[in-house]
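No lab work stands behind these numbers, since they all come straight from the coordinates. Owing to the predicted nature of the structure, the values given are computational and were not obtained by experimental measurement. No Cβ is skipped: glycine too gets one built from the backbone with ideal geometry, and neighbour counts run over all protein chains shown.
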Amino acid sequence: MAEALANRLLAIRTERGLTQAALAELVGVSRKTINTVENGVFVPSTLLALKLARALARPVEDLFFLDG
Amino acid sequence: MTRSDIDTADRLTRKRARMLPFLALIFVTQQISYFVEADARVRMVDHVKVGAWLLLSVVLLLALATGGFWFKPRAVRALMDDEVTRANRAEAFRIGFLVTMIAGIGLYFLDQFAPMRGRETIHILVTVGIATALIVFGALERRALRDG
């Protein structure tokens, strides 16, 4: 099974006019964390995924989905 | 947690990622003199060298385990020790452990042909473990900081 977690974080963040640093500040994490999640380098914990969804006012399923 | 904390954490995280492999290099090259000048006689300078190695090993191990920058504000340190950093550190420790075990097996085999003192063996294993973890952690952090 070659399923991976994909995300629309970059698209939704830019749609809301937020920089990585601004989103990091809203969520309370480092800019590096936002960067690695956006690039798919890092799979966030459920807690972080929910925090990102809350900060962007979107359901978590809009941000993250299974790819493949 | 302010924007200033995030900017400071970002700057220090980049500094740490650049610094760690360089520290590993210094740490390893320092050991060369220890083995090149190996001699049966124990001089005062040898005690100083071993003491310096021990101190540096403990400092590097603590820096790896805690993220370092101990005198920075708590909020900045928390940002520098977020989920990604903890995952990178765990991976660095995992690879460091594996490489140390492989080195241990290799030294055990070599001991048949060139017997080594226990202290030398421990010295090599600790150096290999710490240096490997430092290099891997630094490399993973640099990758995490790369944009795009």
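Restricting to DSSP loop positions (anything but H, G, I, E, B) with no more than 10 other Cβ atoms inside 10 Å of their own Cβ, which trypsin sites (Lys or Arg not before Pro) remain in segment B:85-148? Sites meeting the loop and neighbour criteria: B:117. Between rounded, prolate and oblate, where does segment A:4-67 land on the alpha carbon gyration tensor, with a ≥ b ≥ c its root eigenvalues, rounded for a/c under 1.5, else prolate if a/b exceeds b/c? Note, shape of segment A:4-67 comes out rounded. Counting beta carbons within 10 Å around each of A:27, B:84 and listing the fewest first gives the order A:27, B:84.
Farthest towards the positive end of the charge dipole of segment B:38-148, among the residues B:112, B:65, B:93, is the Cα of B:65, using unit charges on the Cβ of Lys, Arg, Asp and Glu. When only the Cβ of Lys, Arg, Asp and Glu is charged (+1, +1, -1, -1), the dipole of segment B:3-145 relative to its Cα centre reaches about 380 debye.
Simple spin-label estimate for residue A:57 and residue B:108 gives 6.2 nm between the two label positions (7 Å along the Cα-to-Cβ direction from each Cα). Label point of residue B:125 set 7 angstrom out along Cα-Cβ; within segment B:59-95, amide nitrogens under 18 Å from it belong to B:61, B:93-95.
Partner shielding of A:31-43 amounts to 6, given as the average count of beta-carbon atoms from other chains within 10 Å of each residue beta-carbon.
So how do B:58, B:28 line up by other beta-carbon neighbours within 10 Å, fewest first? Working shown, then result.
Working: B:58 12, B:28 16.
Exposure proxy ranking, most exposed first: B:58, B:28.
Rounded to the nearest 500, what is the protein assembly as shown's calculated 222 nm mean residue ellipticity when only DSSP H runs of at least 4 contribute -39500 (n - 2.57) each, over all residues?
Values: 10 runs with 156 residues, N = 216.
Only helices count here, giving -24000 deg cm²/dmol.
The charge dipole of the protein assembly as shown, taken about its Cα centre with unit charges on the Cβ of Lys, Arg, Asp and Glu (plus for the first two, minus for the last two), comes to roughly 580 debye.
Given the protein assembly as shown, what count of lysine pairs have C-alpha atoms under 27 Å apart, with each pair 8 or more places apart or on different chains? Intermediate values should be presented prior to the final figure.
Working: A:32/A:51; A:32/B:15; A:32/B:72; A:51/B:72; B:15/B:72.
Taking the protein assembly as shown as the scope, the lysine pair count is 5.
Could you list the chymotrypsin sites (Phe, Trp or Tyr not before Pro) in segment B:103-147 that lie in coil according to DSSP, counting only those with at most 14 other Cβ atoms within 10 Å of their Cβ? Please report the intermediate quantities before stating the final value.
Numbers: sites: B:108, B:109, B:113, B:137; in loops: B:113.
When the chymotrypsin sites (Phe, Trp or Tyr not before Pro) of segment B:103-147 are filtered for loop state and at most 14 Cβ neighbours within 10 Å, B:113 remain.
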